[in-house]
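Contents: one structure, followed by commentary.
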Amino acid sequence: MQSLTDLLVFALHVPDGFLNAPVALLWWVLTVAVLAVAVRKTSGSLNERQIPLMGVMAAFIFAAQMLNFPVLGGTSGHLLGGALAALLLGPWAGMLVMACVVGLQALLFQDGGLLAMGANIFNMGILTAAVGYWLGTPLLRLFGGKPWGLVVTGFVAAWVSVMVAAIACSLQLALSGVPAGVVFPAMLFVHAFIGVGEGLITLAALTFIVSTRPDLVTTLTSYLDPTTTRRPVDGRTVGLVTLVGLLCAVGAAFISPLASGDPDGLERVAEDQGFLDRALDAPFSILPDYTIPGLDGNASTIIAGIVGLLIVFALAYGIAMLIRSRRQAAEEERSAPRPATGER
Amino acid sequence: MTTSFLDRYIDRQSPVHGLDGRVKLLLTLGYILALALLPPGNWLAYAACAGLLWWAISRAQLPLRTILARSIVALPFALVAVSVVFTRPGLPLFSLPLGFATLTATDAGLILFASILLKSWLSVQAALLLTATTHFFDLLAALRALHLPPILVAILSFAYRYMFVLVEEAQRLLRARDCRSATLPGQRSGGSIAWRAAVVGRMVGTLFLRSYERSERIYVAMLSRGYNGNMHTLTPRRLTPTEQGLLVVGLALLTGITTLSFFM
């Protein structure tokens, strides 16, 4: 018996018929290209021991997707597993394992189409694993061995991976003629919730595995080992995290004209209840109603979004720099030679 | 546990069951690609495609009713596509007043939606026919012949072998949780959603550790039987002239239908 969320997760397994032939073929080409890189990357590090391991891991992800928990009103939450696979096995092996899981589901259970399989593998196998790993490991580094670092990382990486997969799936559907104004909000809304389930399960599984068999997940434990995480985060990691974050935010700015032009929930209630006019306008406004004076239409919204983004980014960066310099000063003080004990 | 209800039909004897996996895989992929290329609203071409498929299903001695019943799995996805009915420009047919807005269905939108549903329905049936008449290891041999990288073939074959073992492991975990989770009728039980998710997360973690340890045992067992990283398989047989003929005629027919549909 399929429950409702099973059908909703199903929304990422695109069946045949819903994607145009050019869209489906284009994503087959992309998928084959990335998988070819993954095969090359893994065959270097892969000894014959790892072939049974990866096969069993694909079976594991398949079985783990069956473990579910009741949420609300007969729906249930369960795992997609791409971020988890990438964090446990590394990005390239994770991609291959997830590609095999998606392929098995399509070939044996008609869960997702054959022509659409390229797009499905790209969304659920390649993107989730890539986001899980290349967002997860820099985050682990930034948190530097703190026990809650793994918790936050597991949740954030898994949630973002589901959202990115949903965005890609919406993009493919939109390119195939389904109106973007419908498919993006619907998919993102549903998967924002599915992603929470994914995040909670992933973080619980990760913390359980790392505390039980830390020897197994060498990629993770190297980040959790106090001796490696003590050294400062290098510039490359900071740059990478910043770049990924900015790209996500700019992407969001570009689809912002799709957002509802209606007032937000609070304003709407205020309007209905007739107390909106009692609200005070901010004493200054740089970007009135998120538009730029003198420009109109979508371009204005996008540019206003990006300008706002840069302001927030600059503020956050400045605060982070302040905290950092203060912490550095404190550390220097601590590491400075202590005066003799008798002095105080 | 078996793969699915389709396993019941996989050991039958029929002209379709006897075909080489490569022929069936290529014809299925060609069929689904041809369907995807057909322009919307070309009912004659859809009918021709459906006729071809149902003829093949009857040759395979599969119950058409079972296939049809099973093929609705893709139907929930229609929810995503239903919006094209109201957004595609065309002659307005009827309007749905919906509180905040009125949705107007157009003829072009309705034709596109019906075409998407038909294509999806026929594609699922084609995939069902392939799965119901071909052993998974024959499919893997076909994929290897089509130059899928050996490592992916190896992962797929291991995954297929151990999928059922691990699914049963997962079912044992679920059963154990159910045994420990008594509920009183009419009363809320079982903690918050985050707590439940954490329980499932630890189950996933347990399953991972058991799978990992199992894979180590498998590797050692294989090593003691002479495994050196290569999978030895029979070399694929040559296609018989009938199979070659069928492949050429089938693909030509599909190309013909697709080409003609653009001129109709």
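The values are calculated or read from the model by the stated rules, or taken from the named source; none is laboratory data. Predicted model, so just to flag it, every value in this text is computed and none were measured. Positions of Cβ are backbone-derived with ideal geometry, glycine not excepted, and every protein chain shown enters the neighbour counts. These area figures cover heavy atoms from the full protein model, side chains too; ligands, DNA and RNA do not enter into them. Shrake-Rupley method; radii C 1.70, N 1.55, O 1.52, S 1.80 Å.
Listed values, structure above:
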quantity	calculated
Low-density loop cleavage sites - chymotrypsin sites (Phe, Trp or Tyr not before Pro) in segment B:81-165, where at most 12 other Cβ are within 10 Å (DSSP)	B:Phe100
³J(HN,Hα), Karplus 6.51/-1.76/1.60, whole Hz, each residue of segment A:208-217, x for Gly, Pro	4, 5, 5, 7, 8, 10, x, 6, 6, 9
Shielding by partners, peptide B:104-113 (average Cβ within 10 angstrom, other chains)	0
Charge dipole magnitude, Cβ of K and R +1, D and E -1 - chain B, Cα centre, debye nearest 20	680 debye
Probe 1.4 Å, accessible area per residue of segment B:195-264, Å²	64 Å²
3J(HN,Hα) from dihedral phi, segment B:115-128, Karplus parametrisation 6.51/-1.76/1.60, rounded to Hz, x for glycine, proline	5, 4, 4, 4, 4, 5, 4, 5, 4, 5, 5, 4, 5, 4
Low-density loop positions, trypsin sites (Lys or Arg not before Pro), segment B:177-242 - DSSP coil, at most 14 other Cβ in 10 Å	B:Arg188, B:Arg225, B:Arg237, B:Arg238
Protein accessible surface hidden between B and A, which excludes ligands and nucleic acids, total in Å², probe 1.4 Å	6300 Å²
Cα centroid separation, segment A:168-204 to segment A:23-40 (Å)	22 Å
Helix-derived mean residue ellipticity, 222 nm - over chain B, DSSP H n ≥ 4, -39500 (n - 2.57), to 500	-22000 deg cm²/dmol
Euclidean distance of C-alpha centroids, segment B:45-110 and segment B:150-203, integer Å	35 Å
Anchor B:Lys119: lysines whose Cα lies under 26 Å away (excluding residues fewer than 8 positions away in-chain)	B:Lys24
